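The values are calculated or read from the model by the stated rules, or taken from the named source; none is laboratory data. Because the structure is a prediction, the values reported are computed rather than measured. Counting neighbours? That spans all protein chains shown, and the Cβs are built from the backbone with ideal geometry, glycine included.
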Amino acid sequence: RQGLSKTRQQLNEMAGPLGVDVKDVFTNRLETLEDLEYALIAADVGSAATAEILEDVKNSGKKDLQEALMEAMTLQLEPDARRAQLRKLGFTPDARRATVEPRGSVIMMIGVNGVGKTTTIAKLGRYYASRGKRVMFAAGDTFRAAAGAQLGVWGERLGIPVVQGADGGDPAAVAFDGASARKSRGFDLLMVDTAGRLHTKHNLMEELKKVKRVIDKADPGEPAEVWLVLDAVTGQNGLAQAKKFHETIGLTGVVVTKLDGTAKGGIVVPIVRELGVPIKFIGVGEGPDDLQPFDAREFIKALFD
Ligand code: GDP
């Protein structure tokens, strides 16, 4: 619940009072409608989704504007096909919590520098370890100076072993060692950190593809999960990058960080709509516990309560 207060505050301020009658809004109070539209756009919900939301509010048959709005927004967090079906049939959204149980034994974590990738790996390690999994890390960002040391410090704090490579060494070799070590030591889960330098983007993509191939070589079928870490503060720019990563590497999940630091928490809507990849977790602070499994209904509730 905590962590979304900036978005909540701005949304509520801009949208004005929401405890009003839906019918009244669409007939007499068009300025309320305009305020609401502007508030959604300002929260980075995106224009296509905003238009759909307002249409769904209008057709909802609900009396209370806030209630209709929350339902219409929750519907935007359903996968595309499901959303279209539900809208056509006028059903309420299911909005199930994303499955955060990893499918296999290796999660490859990718994302550009500064988005919070290393911190997120630490948080996830803690999350799964505290639920009884035996977790290992592989410090595959050998490019950013001190990234390996940073993960090493987290590992020590959390009691999670870290497979290290040399600074500037071959990231694929670290990933291979990590995947082999997880298998031979019988650990449940390996999280592989990767480089995120932005200049030399083409090389980065090639490197990530190689890391993925090499993990599969060490442990066939892995990585079963490839999760992209996205910084909510970067908004639409981050989304364009995310599409590139998805096209090139293939994503199975997204973690959205720094939602505590922005009023643009509505960005989760275009992430779901345009990427078509489930959001697994959200980051809401710098501490090791500031991570929550993504729950669409809870998320939307937290934007209004
Ligand atoms: P990396 O370069 O992607 O590995 O980024 P780091 O993990 O080093 O994180 C960059 C900065 O973002 C650090 O100062 C983190 O503490 C901070 N950070 C990471 N996740 C969050 C979050 O959810 N909220 C906030 N406020 N800060 C975060």
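Scan region 215-234 for residues that are assigned to a helix (DSSP H, G or I) and either among the hydroxyl-bearing types (Ser, Thr, Tyr) or away from the ligand (no atom under 12 Å from the Cβ) (or both) and jot them down. Write out each step before concluding.
Pass one, region 215-234, residues assigned to a helix (DSSP H, G or I): 215-218, 232-234.
Hits for region 215-234 are ILE215, ASP216, LYS217, ALA218, THR234.
Please find, within region 25-54, the residue that is surrounded by the fewest Cβ atoms within 10 Å (Cβ to Cβ) out of those that are of a type in the set (D, E, K, R) and touching a residue at least 12 places away in the same chain (Cβ under 8 Å).
Here is the first cut: in region 25-54, the ones of a type in the set (D, E, K, R) are 29, 31, 34-35, 37, 44, 52.
So of that shortlist, the ones also touching a residue at least 12 places away in the same chain (Cβ under 8 Å) come out as 35, 37, 44, 52.
Working: ASP35: 16, GLU37: 18, ASP44: 22, GLU52: 20.
Per the criteria, the residue is ASP35.
Check region 53-73 and report whether any residue there is touching a strand residue (DSSP E or B) at 6+ places or on another chain (Cβ under 8 Å) and outside any loop (DSSP other than H, G, I, E, B). Spell out how you get there, then give the answer.
Quick first cut of region 53-73, residues touching a strand residue (DSSP E or B) at 6+ places or on another chain (Cβ under 8 Å) only: 63-65.
Those still in the list that are outside any loop (DSSP other than H, G, I, E, B) too: 64-65.
Looking for residues that are touching a strand residue (DSSP E or B) at 6+ places or on another chain (Cβ under 8 Å) and outside any loop (DSSP other than H, G, I, E, B), one finds at least one in region 53-73, hence yes.
Given the structure, is GLY276 away from the ligand (no atom under 13 Å from the Cβ), modelled with pLDDT of 95 or more and surrounded by fewer than 20 Cβ atoms within 10 Å (Cβ to Cβ)? Even if it seems obvious, please write down each step before you answer.
Values: away from the ligand (no atom under 13 Å from the Cβ): yes; modelled with pLDDT of 95 or more: no; surrounded by fewer than 20 Cβ atoms within 10 Å (Cβ to Cβ): yes.
It is false that GLY276 is away from the ligand (no atom under 13 Å from the Cβ), modelled with pLDDT of 95 or more and surrounded by fewer than 20 Cβ atoms within 10 Å (Cβ to Cβ).
Considering region 238-273 alone, what residues qualify as being more than 18 Å from LEU303 (Cβ to Cβ) and within 15 Å of the ligand (Cβ to nearest atom)? I'd like the intermediate steps shown before the answer.
Of the residues in region 238-273, the ones more than 18 Å from LEU303 (Cβ to Cβ) are 238-255.
Once the filter is applied, which keeps residues that are more than 18 Å from LEU303 (Cβ to Cβ) and within 15 Å of the ligand (Cβ to nearest atom), region 238-273 yields GLY238, GLN241, ALA242, PHE245, VAL254, VAL255.
Among the helices (runs of 4 or more DSSP H) contained in region 108-214, which hold 3 or more residues that are within 14 Å of the ligand (Cβ to nearest atom)? Before you say what the answer is, go through the steps one by one.
Details: elements: 117-129, 147-158, 171-185.
Ranges flagged: 117-129, 147-158.
Out of curiosity, is ARG103 part of a loop (DSSP other than H, G, I, E, B), more than 16 Å from the ligand (Cβ to nearest atom), in contact with a strand residue (DSSP E or B) (Cβ under 8 Å, 6 or more places away or on another chain) and under 30 Å from LEU198 (Cβ atoms)? Working first, answer last.
Details: part of a loop (DSSP other than H, G, I, E, B): yes; more than 16 Å from the ligand (Cβ to nearest atom): yes; in contact with a strand residue (DSSP E or B) (Cβ under 8 Å, 6 or more places away or on another chain): yes; under 30 Å from LEU198 (Cβ atoms): yes.
Yes, satisfied.
Only one of (1) assigned to a helix (DSSP H, G or I); (2) more than 21 Å from LEU4 (Cα to Cα) fails for MET14. Which number is that?
Only one criterion is unmet by MET14, namely (2).
For region 164-172, indicate whether the set of residues that are at positive phi and touching a Ser or Thr at 6+ places or on another chain (Cβ under 7 Å) is non-empty. Give the steps one after another, and end with the answer.
Step one: of region 164-172, the residues at positive phi are 168.
Checking which are touching a Ser or Thr at 6+ places or on another chain (Cβ under 7 Å) leaves us with 168.
Among the residues of region 164-172, at least one is at positive phi and touching a Ser or Thr at 6+ places or on another chain (Cβ under 7 Å), which makes the answer yes.
Pairs only if they're at least six apart or on different chains, beta carbon under 7 angstrom, first in region 1-24 and farther than 26 Å from GLY235 by Cα and within 16 Å of the ligand (Cβ to nearest atom), second β-branched (Val, Ile, Thr) and at pLDDT 90 or above; list them, first residue then second.
Correct list of pairs: empty, since none qualify.
So is SER60 away from the ligand (no atom under 16 Å from the Cβ) and over 27 Å from the mean Cα position of the chain (by Cα) or not?
Values: away from the ligand (no atom under 16 Å from the Cβ): yes; over 27 Å from the mean Cα position of the chain (by Cα): yes.
So SER60 fits the description; yes.
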